[in-house]
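Undergrad: I have a structure I would like to understand better, so I am pasting it below and will then ask my questions one at a time.
Values quoted throughout were computed directly from the atomic coordinates according to the rules given, and no laboratory measurement underlies them. These numbers come from a predicted model, not from an experiment. Here Cβ is always computed from backbone atoms with ideal geometry, including for glycine, and neighbour counts include all displayed protein chains.
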Amino acid sequence: MKKGIKYTVFIIIAGVTLFNSMYLLPLDEKLASEEIREFDASAYVDGMWTDLQTAYNGAVEINSLFDKLRQDPAQTFSQESNALGIGNIGYFKVKGEGVVQEVNENNVIILAGDQNVEIETEFIFGNAIRDASGLIRINDFDKTSDLNSISESINEKVRKQLIPDFRTKVKKGDHISFQGAIELNKAHLDLNEPEIIPISLQIVP
Amino acid sequence: MLTLKKYSNIARFQSLIALFLMCLALALMTDNFMTTDNFWNVMRQISVNVCISVGMTLVILTAGIDLSVGSILAFCGAVTAGLLKYGIAIPEVNLFVGFTVFGVIVSGFVAGGALGFVNGYAITKFKVPPFVATLAMLTMARGFTMLWTKGHPITGLGESFGFLGTGWFLGIPMPVWVSGLVVIIAVVVTSKTRFGRYIYAIGGNENAARLSGIPINKIKIWVYVLAGVLAAVGGLLVTARLDSAQPNAGISYELDAIAAVVIGGTSLAGGRGTILGTVLGAVIIGVLNNGLVLLDVSPFWQQVIKGLVILLAVIIDKTNKRGE
């Protein structure tokens, strides 16, 4: 009798727990709602492309940025950089003009003001353009893979739409203007020959 | 000259004295240590370790060890997040089983308890040494986590689940409430129940306990199940706080838990120690971690210093025992 009461109480508790733990839906109904919410990074980037370019129109001139970084790195990082994560890495929107010094297989070196900068033309990877823009908020996305695919789509657009035309025309001695993003580490600040991931490149006639 | 009585009084409070001196030094050496924000930050950080360490204390009191708690934490966090986010699809019957927040919490506990049961069963039925059995579970649970998550974090778990890790209730962070509840239950269980007395008896002298009629295997299995469930509690707190289940979460958490237990005065030989001592050990580890960060000590040196502190705690404990 005592055992019977024990088992009955256990079954009631288990039943109540299960009832409050789960719910059932037809699978096809659930899948249909999932498909609607599937994230299309390429379409998302197409939609934000104009805003992205507008954001980079407000980029800081690279020599002036570097002067500020040499004078007060902490304040410059807090005022000028963007980053989705916490830590020492900051991404900056930069622009500038300069004369082409070298056209290499993977990059183009230009003399902008008093220092050389490296415009990447082959290895367009990472989150620099996305993060420096300051347009993306991490909480707007359910999955980190969606965030990553935004960067992939931006980089692919740069690789396919910007770089090929520029690479065919550029030669040593050309005067070019650029906009792009750089990644800097606050704890190990290295301002020698920065690597710029471009979003706009123009050969000035 | 110190009399024996005075010496034993100092020895009894040595962890508290060490904590007080550490807090005093950090208050003098940093600007941010003695702030309310930092206090709650430290309390939130140690909450996870407190939960795991309480389970580890029960295991060590039986003269065992559980190296798998970090991996179990990761697995339970991943199971919880996966069920909450994706549910279970059964295409054969066109059915989707979704889980509520309450449901995933229960599922996490069941997963942790099940892995703990496997540990306990291997140790008691097949006489596998606890070190080996739980080391095997450490790698298996990590593998299960990778299989479940396919190596990717599971994020975006919603506000109601996130409240468990980031919310506040009556001015106190939720993780502190949860770990406080765990501590209270564990103190009552170890000091006021027959189960608690059996744990001490097994760790003190297993043969004598067996001859006294204590069901050794049953108690040990329950202890490992509880350690698994408490690791699951830690996993839920970490996952809720980060709003993300990371497949590599909890790596080396078992070492912090063992350190808290040892610093708290629990004997690795079993049979001697308290839950409150472990809580004090976890606070010391938490304050040490926080202090080293505030002092901008390199992460590599932080590991060296933590190791030295653990070694020092064991040496002092041994010296005290010889004195007794």
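Undergrad: Can you give the Rg/Rh ratio of segment A:39-204, where Rg is from the C-alpha atoms and Rh is the Kirkwood radius?
TA: Rg/Rh: 0.96.
Undergrad: Moving on to the next point. Please identify, among B:E206, B:E92, B:E159, the residue showing maximal mean-square fluctuation in a Gaussian network model of chain B using a 10 angstrom Cα cutoff.
TA: Among B:E206, B:E92, B:E159, the largest GNM mean-square fluctuation belongs to B:E92.
Undergrad: With unit charges on the beta carbon (Lys/Arg positive, Asp/Glu negative), name the residue among A:L31, B:V182, B:G291 whose Cα is farthest towards the positive pole of the charge dipole of the protein assembly as shown.
TA: So the residue we want is B:V182.
Undergrad: Taking Cα centroids, how far is segment A:1-61 from segment A:66-142 in Å?
TA: Their Cα centres are 36 Å away from one another.
Undergrad: Mind checking the mean number of beta-carbon atoms from other chains within 10 Å of the Cβ atoms in B:154-161?
TA: That average works out to 2.
Undergrad: To make sure I understand, if each residue's beta carbon is the centre and we count other beta carbons within 10 Å, what order do A:K95, A:K160 fall in, fewest to most?
TA: A:K160, A:K95
Undergrad: With respect to the cross-link table entries A:K95/A:K169; B:K127/B:K306; A:K6/B:K125; A:K6/B:K220, which display a Cα-Cα separation exceeding 30 Å?
TA: As for pairs spanning more than 30 Å Cα to Cα, those are B:K127/B:K306.
Undergrad: In terms of the Cα gyration tensor, with a ≥ b ≥ c the square roots of its eigenvalues, is segment A:21-77 rounded because a/c is under 1.5, prolate because a/b exceeds b/c, or oblate?
TA: Oblate shape, in that a/c is at least 1.5 and b/c is the bigger or equal ratio.
Undergrad: Hey, another quick one. Give me the distance in nm between label points sitting 7 Å out from Cα along the Cα-to-Cβ direction at B:Q302 and B:K127, one decimal.
TA: Using points 7 Å along Cα→Cβ, the separation is 4.4 nm.
Undergrad: Same structure again: Can you give the Rg and Dmax of the protein assembly as shown based on its C-alpha atoms, in angstrom?
TA: Every Cα atom of the protein assembly as shown included, Rg and Dmax give 28.8, 98 Å.
Undergrad: Only four residue types carry charge here, +1 at the Cβ of Lys and Arg and -1 at the Cβ of Asp and Glu. Report the dipole size of segment A:1-83 about the Cα centre in Debye, rounded to the nearest 20.
TA: 1140
Undergrad: When the Karplus curve 6.51 cos²θ - 1.76 cosθ + 1.60 is applied with θ = phi - 60°, which whole-Hz ³J(HN,Hα) does each residue of segment B:113-128 get, with x for Gly and Pro?
TA: Result, rounded to whole Hz: x, 5, 5, x, 4, 4, 4, x, 5, 5, 6, 8, 7, 9, 6, 6.
Undergrad: If you don't mind, another one. Find the relative contact order for segment A:39-204 and round it to a whole percent, using C-alpha pairs within less than 8 Å whose residues are 6+ positions apart.
TA: In percent, rounded to a whole number, it is 29.
Undergrad: Using +1 at the Cβ of each Lys and Arg and -1 at the Cβ of each Asp and Glu in chain B, identify which of B:V223, B:G271, B:G108 lies farthest towards the dipole's positive end.
TA: Of the options given, the answer is B:G271.
Undergrad: Sticking with this structure for a sec: One-quarter of the Cα convex hull surface for chain B, in nm²?
TA: Taking the Cα atoms of chain B, their convex hull projects to 19.5 nm² on average.
Undergrad: To the nearest 20 Debye, how big is the dipole of segment B:36-323 about its Cα centre, given +1 on the beta carbon of each Lys and Arg and -1 on that of each Asp and Glu?
TA: 980
Undergrad: What's the FRET efficiency of B:F195 with A:N185 using the Cβ-Cβ distance as r and R₀ = 56 Å, to the nearest 0.05?
TA: 0.55
Undergrad: In percent, what relative contact order does chain B have, based on Cα pairs under 8 Å that are 6 or more apart in sequence?
TA: 33
Undergrad: Taking the Cα centre of segment A:136-205 as the origin, how large is its charge dipole in debye, to the nearest 20, when only Lys and Arg (+1) and Asp and Glu (-1) carry charge on their Cβ atoms?
TA: It works out to roughly 340 debye.
Undergrad: Quick check: net charge around B:M56, other residues with Cβ under 13 Å of its Cβ, Lys/Arg +1 and Asp/Glu -1?
TA: -3
Undergrad: On to the next question. For the protein assembly as shown, with the dipole built from +1 on Lys and Arg beta-carbon atoms and -1 on Asp and Glu ones, taken about the Cα centre, which of B:I123, A:A59, B:N94 lies farthest toward the positive end?
TA: Of the candidates, B:I123 comes out farthest on the positive side.
Undergrad: Another question about this same structure. Within chain A, which is the longest segment containing none of the GluC sites (Glu not before Pro) that sit in a DSSP loop and have at most 15 other Cβ atoms within 10 Å?
TA: The longest such stretch corresponds to A:123-205.
Undergrad: Could you put A:H175, A:H188 in order, starting from the residue whose Cβ has the fewest other Cβ atoms within 10 Å?
TA: A:H188, A:H175
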